[in-house]
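Visitor: Here it is, the structure in full.
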Amino acid sequence: MNPKTTFIFFRWIFNHQSVFEGATVHELGAGVGLPGILCAHYCKSIVLSDYTEAVSLVVFFMMINYFYYIVWYCSAPFHST
């Protein structure tokens, strides 16, 4: 998926969150995993798959996303509500 279609798909997922609520999702050819990471916020479980190098990038981006979540949302001194 090229970057333009990735963001179109990302926006579609965001606008149709109810489609994924409680669903089990398997994304084939996840690439860097941007749609899958968003989808993970809404679905019951998700599997992202691709060839080895791409999966390494997905894991890297998910770790960044998780770290951001921990620092921003779980650490009161770092943000105001």
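Visitor: Restricting attention to the range 23-40, which residues are at pLDDT below 90 and either farther than 14 Å from residue 61 by Cβ or over 12 Å from the mean Cα position of the chain (by Cα) (or both)?
Guide: Of everything in the range 23-40, those that are at pLDDT below 90 and either farther than 14 Å from residue 61 by Cβ or over 12 Å from the mean Cα position of the chain (by Cα) (or both) turn out to be 25, 26, 28, 29.
Visitor: How many residues, within the range 12-24, are open to solvent by 40 Å² or more (accessible area, probe 1.4 Å) and over 18 Å from residue 65 (Cα atoms)?
Guide: 9
Visitor: Those residues that are under 17 Å from residue 5 (Cα atoms), in contact with a strand residue (DSSP E or B) (Cβ under 8 Å, 6 or more places away or on another chain), open to solvent by less than 40 Å² (accessible area, probe 1.4 Å) and assigned to a loop (DSSP other than H, G, I, E, B), I need them from the range 25-59; list them, please.
Guide: Residues satisfying the conditions are 30, 33.
The values are calculated or read from the model by the stated rules, or taken from the named source; none is laboratory data. Quantities reported herein were computed from a predicted structural model and do not represent experimental measurements. We place every Cβ from the backbone using ideal geometry, glycine too, and count neighbours over all the protein chains shown. Note: areas computed on protein heavy atoms with side chains; ligands, DNA, RNA excluded. Shrake-Rupley method; radii C 1.70, N 1.55, O 1.52, S 1.80 Å.
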